[in-house]
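Below is one structure, written out as structure tokens; comments come after it.
The values are calculated or read from the model by the stated rules, or taken from the named source; none is laboratory data. Computed from a prediction, not measured in an experiment: that's the story for all the values here. Here Cβ is always computed from backbone atoms with ideal geometry, including for glycine, and neighbour counts include all displayed protein chains. Each accessible area value is taken on the protein alone, full model and side chains, heavy atoms only, with ligands, DNA and RNA left out. Shrake-Rupley method; radii C 1.70, N 1.55, O 1.52, S 1.80 Å.
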Amino acid sequence: MKLSIALLITLIVTACASTKSPKSETKTITVSAQTTECTGVGPQECLLIKEDGDTEWKNFYGKIEGFDHKVGVESVLEVSIVKVDNPPADASSLRYKLVKVVNEKQDKLMLLEGTWVISKLGDLDADPLKTYIYFDTKSNRINGYAGCNGLGGALEYDAEKDELKSGPFMSTMMFCEEVAEQERALGKILENFNKFDIDGDMITLKKDDEVLVTAKRGVNHRDLYKNWEFTFIEGVDDFNGNVPNIMISKDGDASGSGSCNNFNGKVKLDAYSYDIKVGPLMATRKMCANNEVEHVFFAKIDLVDNYQIVDDELQLLSGKQVILKAKKK
């Protein structure tokens, strides 16, 4: 009996030892308001963190369990760190888990990031598809466009004074009479504004207390304006040398070939989303024997209602389904 009890105690102690939690340590880290492109096993987006004593941001390739990063918010976190035994080859040997959020601080400059489209410049009407300001807060750059020439310059933000400074600006030198006044008006705004307010999806740029312009968060479609050659059409297994293409201009014109017949028409875009409508397209009427590709192409492109560009590849979608893919020709 005594021997049996001794063995039972030994088994219990061994079991407890084998299920003992891995040793962990607790640290306080700071997570940047912005992320950065990085390469681990493949291209990815990394958090930027500082640990105690760090003076420079460093890439964080893993994830922090329980923490959702908010772009534009710098977070001080208390995290537990556990060493992982025999981690997968593509995984970290340390597991980070959120204990608590110590502090959060809004980085106001990060709120500027992206495209803001303009429909009015003072008393002048502006085309929101062609008139915008783009803030690149990672590179501290600002760009403006009013339909003809691009303006680009540096951007500085003084958080203590809550003031912005932009410029000097470089510009292309084309003369476009139809938007010349709009370009001059936009140029003056970019050179003079020093403050901004953001309310939801609206931004107001000001010179001290004077309102210079209001704009709405939107989409810059400039990467769409290219000649695209199709590499994938839903329902087509083999192009058999019949490759359609489409050229989209900044004026909303579409032209190209279904691989046999040429076509032209219009592309309708939305300044505030990636919605797109191609056509109706007018095509020539040549007889194209053994060319099912063209027939399917015209049927599919008529279904397109939104798009995305991923790694320089144009993807045309119907709802959430990718039905056409193309590369720059």
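Taking only protein heavy atoms and a 1.4 Å probe, the accessible area of the chain is 50% carbon and sulfur. Using a cutoff of 8 angstrom between alpha carbon atoms and counting only pairs six or more residues apart, the relative contact order for the chain works out to 9 percent. Each of 149, 122, 76 was placed along the dipole of the chain (beta-carbon charges, centred on the mean Cα), and the one lying farthest toward the positive end is 76. Convex hull of alpha carbon positions in the range 55-166: directionally averaged projected area 11.2 nm². The magnitude of the dipole of the range 214-329, with charges of +1 and -1 set on the Cβ of Lys/Arg and Asp/Glu and taken from the Cα centre, is near 460 debye. Converting the Cα gyration tensor eigenvalues of the range 96-253 into ellipsoid dimensions via √(5λ) gives semi-axes, longest first, of 34, 26, 13 Å. Averaged over its residues, the chain has an accessible area of 61 Å² per residue, based on protein heavy atoms and a 1.4 Å probe.
Calculated over the range 173-329, the projected area of the Cα convex hull averaged across directions stands at 12.2 nm².
Placing unit charges on the Cβ atoms only, positive for Lys and Arg and negative for Asp and Glu, gives the chain a dipole magnitude near 980 debye about its Cα centre. Spin-label model, residue 160/residue 295: points 7 Å from Cα along the beta carbon direction are separated by 7.3 nm.
Once you order the gyration tensor axes a ≥ b ≥ c over the Cα atoms, which shape class does the range 67-132 get: rounded for a/c under 1.5, otherwise prolate or oblate by comparing a/b with b/c? Oblate is the answer for the range 67-132, as a/c is 1.5 or above yet b/c matches or exceeds a/b. Hull volume per residue, based on the alpha-carbon atoms of the range 289-329 and their convex hull, is 74 Å³. Only one residue of 278, 233, 200 has its Cα farthest out toward the positive end of the dipole of the range 185-310, where Lys and Arg carry +1 and Asp and Glu -1 on Cβ, and that residue is 278. Applying a threshold of 27 Å to the alpha-carbon distances of 138/195; 165/328; 70/216 flags 165/328 as lying beyond it. The alpha carbon convex hull volume per residue for the range 236-301 rounds to 84 Å³. Across the range 95-135, the convex hull enclosing all Cα atoms gives 122 Å³ per residue.
Normalised by the number of residues in the range 59-203, the mean separation of alpha-carbon contacts (under 8 Å, six or more apart) gives a relative contact order of 15 percent. Prolate is the label for the range 212-269, because the ratio a/c of its alpha-carbon gyration tensor axes (a ≥ b ≥ c) is 1.5 or higher and a/b is greater than b/c. Could you pull out which residues in the range 33-50 have an amide N less than 20 Å from a spot 7 Å beyond the Cα of residue 76, following the Cα-Cβ vector? In the range 33-50, the label zone of residue 76 (backbone N under 20 Å from the point 7 Å along Cα→Cβ) covers 33-34, 48-50. Here the Karplus relation 6.51 cos²θ - 1.76 cosθ + 1.60, evaluated at θ = phi - 60°, turns the backbone of the range 46-60 into coupling constants of 10, 6, 10, 10, 10, 9, 3, x, 6, 10, 10, 5, 10, 5, 10 Hz, with x for every Gly and Pro.
Answer with one residue from 289, 307, 67: the one whose Cα lies farthest towards the positive end of the charge dipole of the chain, charges on Cβ with Lys, Arg +1 and Asp, Glu -1. The one lying farthest along the dipole's positive direction is 67. Summary of the geometry: the range 33-109 and the range 258-297, compared by the centres of their Cα atoms, lie 46 Å apart. The length gained by stretching the chain between residue 170 and residue 140 to full extension, at 0.36 nm per residue less their Cα-Cα distance, is 9.3 nm.
Between beta-carbons, use under 15 Å as the cut-off and find the net charge around residue 175, counting Lys and Arg +1, Asp and Glu -1.
On the way: positive: 184; negative: 177, 178, 181, 183.
Result for the local shell: -3.
Against the longest alpha carbon principal axis of the chain, how many degrees, from 0 to 90 and to the nearest 10, is the axis of helix 292-301 turned? Computed tilt is about 80 degrees. Remark: the range 63-131 carries a charge dipole of roughly 280 debye about the Cα centre, counting +1 on each Lys and Arg Cβ and -1 on each Asp and Glu Cβ. Each peptide in 102-108, 123-129 was scored by the mean count of other Cβ atoms within 10 Å over its residues; highest first, the order is 123-129, 102-108.
By its C-alpha gyration tensor, with a ≥ b ≥ c as the square roots of the eigenvalues, how is the range 36-91 shaped: rounded for a/c under 1.5, else prolate for a/b larger than b/c, else oblate?
In terms of gyration-tensor shape, oblate.
Each peptide in 243-252, 271-280 gets a packing score, the mean of other Cβ atoms within 10 Å over its residues, and the list from highest to lowest is 243-252, 271-280.
Within the range 35-52, what residues put their amide N at less than 11 Å from the label point 7 Å along the Cα-to-Cβ vector of residue 58? Counting backbone N atoms under 11 Å from the label point, the list is 49-52. The translational diffusion coefficient of the chain, from Stokes-Einstein at 25 °C and 0.890 mPa s with a Kirkwood hydrodynamic radius over alpha carbon pairs, comes to 100 µm²/s. Against the chain, whose longest principal axis is taken from its Cα atoms, helix 2-18 shows a tilt of about 30°.
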